[in-house]
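Visitor: Just dropping this structure here.
Every read-out reported here was derived from the displayed coordinates using simple, explicitly stated rules and does not represent laboratory data. What you see is a predicted model, and the numbers here were worked out from it, not measured in a lab. Here the Cβ positions follow ideal geometry from the backbone for every residue, glycine too, while neighbour counts run over all protein chains shown.
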Amino acid sequence: MIQQQADRTRGFQQQSVKQASAKSPVANEALAEVLDRRTVVGTLWKREADRIRCVACGHVEKKPYFHVYPGSDALTFGMMGCDFHCSYCQNWVTSQALRDPASLAPVQAVTPDQLAGIARRSDARLVVSSYNEPLITAEWSRAVFEHCVEAGFTCGFVSNGNATAEALDFIRPWIRAYKVDLKCFNDANYRKLGGVLENVKATIRMVHERGIWLEVLTLVVPGFNSGDNELRAIAAFIASINPQIPWHVTAFHKDYKMTDPENTRAEQLVRAAETGASEGLKFVYAGNSPGQVGEWENTRCPSCSTTLIERYGYLIRDYRLTAEGKCPSCATPIPGIWSERGAEDVRIGQSMADYYHRLPRAVRI
Ligand code: SF4
């Protein structure tokens with residue numbers, strides 16, 4: 001059904017099965033077999049028994065979605081593999097499971113119905129496909145989302161943006177939120193990660209055109225994409241589609257195979273955020289540096305600058321949007337998917353205990 005996305009992914013799957021079997025016949029044998037059985041021409045995922053790698057429940061801000069039910073929990077599930085091979089991948093244990101013999105991620109069986117039950121028990125409001133690249137297993141994600149939407153959850157993708165139009169149309173009826181990583185604005189560097197810049201730019205356009213709520217994230221890696229001109233070009237591109245699309249700039253930490261660049265400093269994030277705002281973006285966020293980036297953690301009204309949502313990392317400290325999703329001072333509508341009951345429905349906390357309580361937790365199947 002989603003032939004083009006399957007074509008784009010199939011080369012990766014076949015190569016990965018071969019590599020997994022050759023490099024680590026013991027550790028990856030079961031996984032390679034599983035994938036081999038399910039790699040079918042013209043199909044992304046052949047359903048037998050449904051399997052995933054990991055499930056966790058945590059705040060929606062970690063995705064990050066800052067304009068989707070702030071303060072809510074999102075049940076997040078992932079599978080195996082990614083068509084990219086970013087050397088700084090923080091989820092490499094799952095994303096590189098088919099390539100890297102050091103990744104010994106086991107598979108675990110779970111059904112879409114069970115996942116909906118876990119989301120209910122976990123008091124989640126969203127169900128999100130992440131940890132690996134959900135596009136390469138879009139058929140399985142859709143099967144999960146069909147159950148979860150029916151059960152009343154809002155569903156979303158956290159994705160590298162290497163999508164085809166047919167894959168987006170395939171999942172469109174079931175998702176309301178989509179986060180795309182726009183990793184850099186230099187095609188040669190994109191190809192080092194396994195991607196193509198124009199494909200990701202096209203995905204951002206297509207997601208927005210389809211009316212799916214979109215947030216874009218750029219991990220600022222010193223020396224890779226941190227130049228002013230490159231960050232300015234990214235911001236200008238997003239603004240050219242719609243200046244109301246939130247742009248998150250987040251801090252790189254040494255991880256996986258990328259251990260040379262220094263960790264991103266808070267002042268570099270602030271500079272990137274200022275660059276985004278100067279290009280006309282209305283909602284720019286400097287992430288994963290709680291308390292170090294001043295106002296750039298907060299949502300402010302683009303018309304009157306009233307602080308509408310105050311954050312400390314993943315913790316919501318204040319929420320002032322009206323039930324209609326408007327600024328209480330000047331009534332400017334703020335784009336996003338908001339609680340219909342305003343602050344009454346939003347988890348707000350002030351203390352470090354509240355902050356730690358909001359950290360993600362593993363859930364039992
Ligand atoms: S696209 Fe994301 S999941 Fe895939 S390798 Fe890169 S960082 Fe990891």
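Visitor: What percentages make up the Cα-Cα pair-distance distribution of region 57-133 when the bins are 10 Å wide from 0?
Guide: 18, 40, 34, 7
Visitor: Determine the principal axes of the Cα atoms in region 212-319, then give the extent along each, sorted from largest to smallest and rounded to whole angstroms.
Guide: Principal extents (Cα only, largest first): 42, 32, 27 Å.
Visitor: Computed over the Cα atoms, what is the radius of gyration of region 69-219 divided by 2.2 N^0.38 Å, N being its residue count?
Guide: The value comes to 1.03.
Visitor: For a 25 Å ceiling on Cα separation, which of these pairs sit above it: 183/257; 254/282; 201/326; 257/282; 63/254?
Guide: Values: 183/257 17 Å; 254/282 30 Å; 201/326 30 Å; 257/282 35 Å; 63/254 19 Å.
Check vs 25 Å cut-off fails for 254/282; 201/326; 257/282.
Visitor: Distance from the Cα centre of region 212-238 to that of region 297-365, in angstrom?
Guide: 24
Visitor: Å³ per residue of the Cα convex hull, for region 141-226? Write out the running numbers ahead of the final one.
Guide: On the way: hull volume 7.9 nm³, N = 86.
For region 141-226, the hull spanned by Cα atoms encloses 92 Å³ per residue.
Visitor: Counting only residues 5 or more places away or on other chains, whose amide H sits under 5 Å from the amide H of residue 285 once H atoms are built in the peptide plane?
Guide: 247, 248, 249
Visitor: Here is a follow-up. List the residues, sorted by chain then number, that are 5 or more residues from residue 308 or on another chain and whose placed amide H is less than 5 Å from its amide H.
Guide: 299, 300, 301
Visitor: Under the definition of Cα pairs under 8 Å and six or more residues apart, what whole-number percent is the relative contact order of region 256-365?
Guide: The normalised contact order for region 256-365 reaches 16 percent.
Visitor: Using a Förster radius of 41 Å, what is the FRET efficiency between residue 295 and residue 111 based on their Cβ-Cβ separation? Nearest 0.05, please. Don't skip to the end; give the middle numbers.
Guide: Details: r = 44 Å, r/R0 = 1.08.
So, using R0 = 41 Å, E works out to roughly 0.40.
Visitor: Moving on. Sorted by average packing, counted as other Cβ atoms within 10 angstrom per residue and highest first, what order do 272-285, 343-356 take? If you can, show how the numbers build up before the last one.
Guide: Numbers: 272-285: 20.9, 343-356: 13.6.
Final packing ranking: 272-285, 343-356.
Visitor: Between region 258-275 and region 140-156, what is the separation of their alpha carbon centroids in Å?
Guide: When both Cα centres are located, 36 Å separates them.
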